[in-house]
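Here the structure is laid out as structure tokens; the discussion comes afterwards.
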Amino acid sequence: MFFPQEIIKEIQERADIVEVISNYFPLKKAGSLFKTLCPFHQEKTPSFIVNPQKQIFHCFGCGVGGNVFSFLMRQENISFPEAVEMLARQTGVNISRYFSKSGERSGVVSRLYEVNELSSLYYQNNLLNKEKGREARRYLLERRGISQEVISRFRIGYAPAQGGLLSYLQKRGWTEEILIQAGLAVKREEGIYTDKFLQKIIFPLFNPQGKIVGFGSRRLDNQVPKYVNSPQTVVFNKSRYLYGLNFAKQFIKESVIIVEGYLDLLSLVQYGICNVVASLGTALTREQIRLLKRYTQRCLLIYDGDKAGQDACLRGLDLFIEEGIEGGVVLLPEGLDPDSCIREEG
Ligand SMILES: [Zn+2]
């Protein structure tokens, strides 16, 4: 696709680079400039500068720099047209006429966001309104004590045993190809595709900006694996992902609590503890800690007291020290996860 220069200029004039970058991580004011730790190289003192007058960014450590489009291209790992498209949406500049001309609908990143959004609505509707979602509904409300309000806020859904997402999306003009790319469909054999998630409670995985980048799921029976996530896609990288950060970021002040899974997090939220994120799996990664470092200097790890949880906590503590962040650990009594602990002990 081709965007005329004046459209690019209009988008650029409407966007504020400080606002765009602040969507990803907090910036600190330093005189007439803004500063933060560089997201593109490893450093201990901030050398990443944003200049609101010139509407540019520059890192004195690794030398990267540019305008608001170059920032988005690097940060989101997208092409220039995709960055233009993304910012056009955010600033309300209508660029649809440039797509229709060339027959393209939109860039791959926007398409993935769009198809994830639509899928989430489908899953939500199953959980809230359909007979086939009744067992899952009861499980969440009665066995887990998650309120209707929290279910809606986190947009929890249900994928029925018999499937249905694929045909739902195909009827709306989406091809198998993009559904495979989004990790929503699986190719069984030549020409045969099925839903990736079947008979599972669905947790949309939001990025810090609130867009759905993938899905997590939990089985209703007790077979293994209990939890399955979306595969890595253009918009989802599990090792750099923290569940719940989009909701938690406004509550993270002095410290952040890190738990293992969706339901641990939801139980804490249910009790009014909102500065909490989930690492999705026991292995907390360096990238996840670096992401949190932008919001706070203190992390509290609350993991299961079993062997896997203990090992994970030790690894986590090492990483906290290496990353120069204050860290604490709460190991729950053997056999109790944060979720059952808070419900039993309060
Ligand atoms: Zn840098």
If only one of 28, 9, 54 is open to solvent by 30 Å² or more (accessible area, probe 1.4 Å), free of Cβ contacts under 8 Å to residues at least 60 places away in the same chain and within 25 Å of the chain's Cα centre (by Cα), which one is it?
28
Only one of (1) over 19 Å from residue 213 (Cβ atoms); (2) assigned to a helix (DSSP H, G or I); (3) in contact (Cβ under 8 Å) with a residue 40 or more places away in the chain does not apply to residue 296, and that is (2)
I'm checking my understanding of the structure. Among residues of the stretch 34-92 that are within 10 Å of the ligand (Cβ to nearest atom) and touching an Asp or Glu at 6+ places or on another chain (Cβ under 9 Å), which one is modelled with the lowest pLDDT?
37
Among the residues of the stretch 11-19, are any of a type outside the set (D, E, K, R), closer than 20 Å to residue 240 by Cβ and not assigned by TED's automatic domain parsing to the domain that holds residue 291?
no
Checking residue 19 against (1) in a loop (DSSP other than H, G, I, E, B); (2) under 23 Å from residue 252 (Cβ atoms): exactly one of these is not met. Which one?
(1)
Tell me, which strands (runs of 3 or more DSSP E) lie completely within the stretch 123-240 with 1 or more residues that are surrounded by 14 or more Cβ atoms within 10 Å (Cβ to Cβ) and over 19 Å from the mean Cα position of the chain (by Cα)?
157-159, 185-189, 192-195, 200-206, 212-219
Residue under evaluation residue 35, criteria (1) in contact with a Leu (Cβ under 8 Å, 6 or more places away or on another chain); (2) in a helix (DSSP H, G or I), criterion not met
(2)
I'd like the full set of residues that are assigned to a loop (DSSP other than H, G, I, E, B) and either of a type in the set (Asp, Glu) or crowded, with 23+ Cβ neighbours inside 10 Å (or both), limited to the stretch 242-260.
242, 244, 254, 260
I need the full set of residues from the stretch 270-288 which are crowded, with 21+ Cβ neighbours inside 10 Å and not in a loop (DSSP other than H, G, I, E, B), in order please.
276, 277, 278, 288
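The values are calculated or read from the model by the stated rules, or taken from the named source; none is laboratory data. Values in this document were obtained by computation on a predicted structure and should not be read as measured data. Note: ideal-geometry Cβ built from the backbone for every residue, glycine included; neighbour counts use all protein chains shown. All accessible areas refer to the heavy atoms of the entire protein, side chains included, with ligands and DNA or RNA removed. Shrake-Rupley method; radii C 1.70, N 1.55, O 1.52, S 1.80 Å.
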